[in-house]
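A short worksheet on the structure shown next.
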Amino acid sequence: MAGRIEASSSSSSSYASTAGSSTTYDVFLNFRGDDTRKSFTGHLYRALTRERIHVFMDSYELWEGEEIGPKLLDAIQRSKVSIPVFSKGYADSKWCLMELAKMLECHRTNDQIVLPIFLDVDPSDVRHQTGSFKEAFLEHDKKYEAHIVQRWRDALSEVGKLKGWVLDEVENGDESKLVKLVVERSLRETSSNFLSDIEYGIGLESRVNDLVSLVNSDSKDILFIGICGIGGIGKTTIAKALYNRVIERFCQSCFLANIREEASRPNGLVSLQKELVYNISHRKIRGEIFSVDWGKELIKRRLQGENVLLILDDVDHRSQLKAFGIDRNWLGQGSMVVITTRDEKILNAANIDEDKIYWPKELDFDQSLQLFSLHAFQKNEPSEEYMELSHAVTNYSGGLPLTLEVLGSSLSDVKSKEVWECTIKKLRETPPKDVYERLKISYDNLEDNYEKAIFLDSACFFNGWEKETLISLWEACGYHPKSTLHILIKRSLLKFECRFDENCGFSKYYMKMHDQICDMGRKIVADESFKEPGKSSRLWSPDEILEVLEGHKGTDMIKGMILPSDLPRVYLDNKHFEMMSNLRFLDISLANFRGEFSCLPFALRWLRWRTCPWSILPINFCHERLVYLDFSKSNIKEAWNMKPQDKNKKAGGDSRPRGNRILGRIECTMLL
């Protein structure tokens, strides 16, 4: 325990509990012991320690004979906040004045916060050394060298100009209310506002700069910003970096993390409300918050008019926004609210302008390789021995930081190249569990079967397809694709990119789904048939397709089947499709067909047979619900073998498909 003794019961200071020399204190209390130890300063000390604020204050159990001067000055230097308590006898103590001079030195050089309290003296007496301070300095002039006394005078003049508290200006001169004000301010100043360092910030600086470009630092407007993207793209990491970058501009701040997960727990929203209120106001909540509405009102009272930086991380439902009730109309000038989410609809509900929504991009190859290497090898690039394998993992990741972190960490203690090769081979079949579970959250939050069906169709069959063709297909299935695709885009599960089509001479929109999202969707389908082959709703795996076809295990659960290029050539007949009554999508390009087309499932909407050996499509082909036929690279030269007079028949009399288009030698002919 450190401290010092002065014959005249001087100023006092020591840490309230045992601490080593490396301790950093939150608050250093500087006061005249005889004046306020057993009154105001004693009450303040106890109130601060109740809030677990680390206080340096005088102790009665001092080590006699210890040279405490250097330790005392070191304690001041290692404190975040210094609080001098001015009383009538304050200037009588040389220790009080020595401490004060050190505080002001730290204030000037290290931006230490000094919060003066004027109890029974006027700030002008402190500034000008008048009143009781005048008499004290007449004695100091006699005892100490002039330059020492002048240093004390300068410190008093400077501290007298700082903003603090004057007891007479507090309501009714109530000391208890003054203690409360000082504790609240101390909590704000000593709280650890900065978030923990981000381990590897590869590519982070440029992304934060992009986000900061949305912010006008000179504006007093209240700003709402959104960060939106797929799971694992780094939204939370970017939000943390932004928080640390701009926090010093704000009087209050709170980073409310993992809202989706926390809100799903019992009384989760109420717990989040409590956390927000405490982090912003640094005051414990008296009593309980009995309902979300009650908590919402409390948030409004505590935040109203405050200059706040608030990060709402991983919001996935409007009810969470409503629970916090953050309103532009009652936040203080210059406040900033940042919301991270996978669902753009959440940002629309918060009335965030489109130009204030930031969409993080995937890391480029070099950044991806560096991030993977740091997690796998703890260095910026792999050794030559592992370079090719590392490239394979990097390519697989698609620039998704989460995947790079998970795979790098899992391979960090693997020394065998054979294990690496096995792991990479396995990745092509099954995505890492941690990545899969994080990405699947977006799928689980889809609200109806249409949304899930279109997502799974896209992941299994249609990534890279032209938008209008897909809309025609799904409309024929009764899936309301226009509104559903809008939802999937908003939830960052897919997007459409504009590309020039050389065949037709103009630009079209094509679906693009991130490889990791695509793998997640395929694993969802694969898990359906994990226990029993044939129960899968969509087939593309060679082994599973062979098992279903050779064993005649088709069921009405199968909605789509694509025979892959590496599948051994198979022969199909009517029996293979008898049980697949709900088959909608079929690609048999590499198969030989036995039997009649008329026996294909009635539900079929899309058929691709690029190696069809026939030259004429049979007249008994009567799949009226087909909307897409692809006979490209086949021998088909004529769609239907019919007499010239039959070609003039109206659609109602045809046996032809009543869909949209046929592809192949008959180029984009519109079918009636």
Amide H contacts of Tyr358 (H built 1.01 Å from N, under 5 Å, at least 5 apart or other chain): Gly226, Ile227, Cys228
Binned Cα-Cα distance frequencies in region 377-519 - 5 Å width, integer %: 2, 8, 17, 18, 14, 12, 11, 9, 6, 3, 1
Percent of Cα-Cα pairs more than 11 Å apart in region 215-258, please. 74
Given a 1.4 angstrom probe, I'd like the percentage of the accessible area of region 266-403 that is carbon and sulfur, rounded to a whole number. 44
Starting from the 7 Å offset along Cα-to-Cβ, what nm value, one decimal, do you get for the label separation of Glu475 and Val570? 3.3
If you bin the C-alpha pair distances of region 65-116 every 10 Å from 0, what whole percents do you get? 24, 53, 21, 1
Just subtract the alpha-carbon distance of Val170 and Glu261 from 0.36 nm times their residue separation and send over the number in nm, one decimal. 28.4 nm
Using a 1.4 Å probe on the protein chains only, how many percent of the accessible area of region 122-169 belongs to carbon and sulfur? 47
How large is ³J(HN,Hα) for each residue in region 464-476, as worked out from phi by the Karplus curve 6.51 cos²θ - 1.76 cosθ + 1.60 (θ = phi - 60°), to whole Hz, x for Gly and Pro? x, 7, 6, 4, 5, 4, 5, 4, 4, 4, 6, 5, 5
Calculated FRET value between Lys163 and His552, using beta carbons and R₀ = 56 Å, to 0.05: 0.05
Classified through the alpha carbon gyration tensor (a ≥ b ≥ c as square roots of its eigenvalues; rounded if a/c is under 1.5, else prolate when a/b is larger than b/c, else oblate), region 493-557 comes out prolate
Sparse-neighbourhood loop sites, GluC sites (Glu not before Pro) in region 67-161 - DSSP loop, at most 15 other Cβ within 10 angstrom: Glu67, Glu145
Roughly how many Å is it from the Cα centre of region 234-258 to that of region 440-484, as a whole number? 36
Could you go through region 177-185 in sequence order and give the Karplus-derived ³J(HN,Hα) for each residue, using 6.51 cos²θ - 1.76 cosθ + 1.60 with θ = phi - 60°, rounded to whole Hz, and x for Gly and Pro? 6, 5, 4, 4, 4, 5, 5, 4, 5
Over all directions, average the projected area of the Cα convex hull of region 217-364 and note it in nm². 8.9
Residue-ordered couplings for region 325-340, obtained by feeding phi - 60° into the Karplus form 6.51 cos²θ - 1.76 cosθ + 1.60 and rounding to whole Hz (Gly and Pro as x), are x, 5, 10, 4, 6, 10, 6, x, 4, x, 5, 9, 10, 10, 10, 9
Taking 1 over the mean of 1/r across every pair of different Cα atoms in region 422-496, what Kirkwood radius in Å do you get? 13.5
Length gained when the stretch Cys422-Lys508 is fully extended (0.36 nm per residue, less Cα-Cα span): 27.0 nm
Cross-link pairs beyond the 20 Å C-alpha cut-off, checked among Lys426/Lys495; Lys94/Lys143; Lys426/Lys467; Lys575/Lys633: Lys426/Lys495; Lys426/Lys467; Lys575/Lys633
Per residue, how many Å² of accessible area does region 161-272 show with a 1.4 Å probe? 51
Kirkwood Rh (inverse of mean 1/r, distinct Cα pairs), region 102-226, angstrom: 18.9
How much of the accessible area of region 461-586, probe 1.4 Å, is carbon plus sulfur, in whole percent? 49
Looking at Ile454, Gly521, Thr430, which one has the Cα that reaches farthest to the positive end of the dipole of region 414-523 (charges on Cβ: Lys, Arg +1; Asp, Glu -1)? Thr430
Please label the shape of region 413-458 as rounded, prolate or oblate, based on the square roots a ≥ b ≥ c of the eigenvalues of the alpha-carbon gyration tensor (a/c under 1.5 means rounded; beyond that, a/b larger than b/c means prolate, else oblate). oblate
Inter-probe distance in nm under a simple model that places probes 7 Å from Cα toward Cβ, at Trp614 and Lys220: 7.8
Could I have the simple spin-label model distance between Val212 and Ser319, label points 7 Å from Cα toward Cβ, reported in nm to one decimal? 3.9
If you stretched the chain out fully between Arg499 and Lys535, how much longer would it get, using 0.36 nm times the residue separation minus the C-alpha to C-alpha distance? 9.2 nm
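Mind ordering 624-632, 430-438, 368-376, 24-32 by average Cβ neighbours within 10 Å, highest first? Don't skip to the answer; put the middle values down first.
Numbers: 624-632: 19.8, 430-438: 17.1, 368-376: 22.9, 24-32: 24.7.
Listed from highest to lowest mean packing, they are 24-32, 368-376, 624-632, 430-438.
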Just how far, in whole angstrom, is region 312-382 from region 535-555 if you go by their alpha carbon centroids? 41
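The values are calculated or read from the model by the stated rules, or taken from the named source; none is laboratory data. In this text, all values refer to a predicted model and were calculated from it rather than measured experimentally. With ideal geometry, Cβ positions are generated from the backbone for all residues, glycine too; neighbour counts draw on all protein chains shown. For the accessible areas, the whole protein counts, side chains as well, though only heavy atoms, and no ligand, DNA or RNA atoms are used. Shrake-Rupley method; radii C 1.70, N 1.55, O 1.52, S 1.80 Å.
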